[in-house]
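Working notes, structure below.
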Amino acid sequence: MHYTFLKECLRVEVIGGKDKKFSWPRAIRHAWRQPKRRFLFWWRIASHLHAIGGKNSKKFAAYLNRRLIRNYHTEIGLAARIQPGLFIAHYNGIVVTSYCEIGKNFTLRQNTTIGIKTLGKRDDEYKIIIGDNVALGANSCIIGDNLSIGSNVIVGAMSFISKDIPDNCTYYTKKENVIERYEV
């Protein structure tokens, strides 16, 4: 992850606009005044430090991530590759694995999980790939080893995704409640 990528993410997510110019004082001011942007600011810094490598950088990145988990109840893996435009509506109960690649303008809502199904394989054997302009509804769950979600997808609330989703569609899980009557 390059320094220019970090600045682009902070400009879009923290400063709040593609047409605004990046400056560190402006980014810090926006992060200081708005708690939602504060999370994105510190997570992007931690993710950048983790990507740089080195013993001390990774230790400090892990420390920042632990603080973010404790304060915001949101756990996003530091190795997750998320393009600029991440938006989190409510910081509560969100878990995103490190084994995912997420495109631009991704929206997360509360109690959402993105995770892998099995552990113990090689790192290159599982990856969750999510395209651009994807919105996940509240209480959604994406679980799989090699899973792909296309671009311009809307996932409804309380959806469970374990298979690929093509581009340009809306996905929701149809729930049927079956009530059986027992004769007494």
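Throughout, read-outs are computed from the coordinates displayed, never taken from laboratory work. Since the model is a prediction, treat every value here as computed from it, not as a measurement. We place every Cβ from the backbone using ideal geometry, glycine too, and count neighbours over all the protein chains shown.
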Hey, could you get me the Stokes-Einstein D for region 1-72, Kirkwood radius over alpha-carbon pairs, 10 °C and 1.306 mPa s, rounded to whole µm² s⁻¹?
128 µm²/s
Per GNM of the chain with C-alpha springs under 10 angstrom, the most fluctuating residue out of R66, R81, R44 is R66
Anyone know which of G85, G54, G137 comes out most mobile in the 10 Å Cα GNM of the chain?
G54
Karplus couplings for region 55-63 from phi (6.51 cos²θ - 1.76 cosθ + 1.60, θ = phi - 60°), rounded to Hz, Gly and Pro as x?
4, 5, 5, 5, 5, 5, 4, 5, 4
Less than 17 Å from a label point 7 Å out along the Cα-to-Cβ axis of A79: which backbone N atoms in region 1-19 qualify, by residue?
1
Which label in (i) 150; (ii) 158; (iii) 186 gives the computed volume of the Cα convex hull per residue in Å³
(ii)
To make sure I understand, if each residue's beta carbon is the centre and we count other beta carbons within 10 Å, what order do S47, S159, S23 fall in, fewest to most?
S23, S159, S47
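Using the count of nearby Cβ atoms within 10 Å as a rough guide to exposure, how do C169, C141 rank from fewest to most? Could the numbers behind the result be given before it?
On the way: C169 12, C141 18.
The fewest-first ordering by Cβ neighbours comes to C169, C141.
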Cα centroids of region 73-113 and region 153-175: how far apart, whole angstrom?
17 Å
For F39, F5, what ranking results if the residue with the fewest other Cβ atoms within 10 Å of its Cβ goes first?
F5, F39
Could you tell me the relative contact order of region 73-170? Use alpha-carbon pairs under 8 Å, at least six residues apart, and round to a whole percent.
21 percent
Let me check I've understood the local charge: for Y171, count other residues with C-beta under 12 angstrom from its C-beta, Lys and Arg +1, Asp and Glu -1. What total comes out?
0
Using a Förster distance of 45 Å, the FRET efficiency for F60-K175 (Cβ separation, nearest 0.05):
0.55
